[in-house]
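What follows is a short report on a single structure.
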Amino acid sequence: MAIASSVLQAVDNYNGKRFWTFDANQLRDFMAAVDGIGGGGIAGEVINGWRYHLTAKPPKKMEELGFTFMGHISISNVPWK
């Protein structure tokens, strides 16, 4: 399965930065859940101390920016549920 061109990122108020990759065929599901495409969305909301966003940066760039790779996830096991 191909990895999506976007990653799920999370930041907290204490400079914590982390990210996850997910399959390309779930991009629309992540866009709906995070950005609210089609209604709703959690982008920017503080959930358990973290704010979630989708970003189009590749994993290597996220690591260069100081984000910690947390693994590969699916829409059924997102960290805010």
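No value in this document is a laboratory result; all are computed from the given coordinates. For clarity, every value in this text was computed on a predicted model and none was experimentally measured. No Cβ is skipped: glycine too gets one built from the backbone with ideal geometry, and neighbour counts run over all protein chains shown.
Points worth noting:
- Close pairs (6 angstrom Cβ cut-off, 6 or more residues apart or separate chains): at positive phi in region 33-62, assigned to a loop (DSSP other than H, G, I, E, B) anywhere: G49/D12
- Qualifying residue in region 11-18 (condition: more than 19 Å from L65 (Cβ to Cβ), out of contact with any Leu (no Cβ under 9 Å at 6 or more places or on another chain) and either among the small types (G, A, S) or part of a strand (DSSP E or B) (or both)): no
- Count of region 38-78 residues which are in a loop (DSSP other than H, G, I, E, B) and surrounded by 15 or more Cβ atoms within 10 Å (Cβ to Cβ): 5
- Considering region 1-37, and only residues there that are out of contact with any helix residue (DSSP H, G or I) (no Cβ under 9 Å at 6 or more places or on another chain) and among the polar types (S, T, N, Q), the residue that is surrounded by the most Cβ atoms within 10 Å (Cβ to Cβ) turns out to be N25.
- Take the conditions (1) assigned to a loop (DSSP other than H, G, I, E, B); (2) closer than 17 Å to V11 by Cα; (3) of a type in the set (V, I, T); V34 misses just one of them, which is (1).
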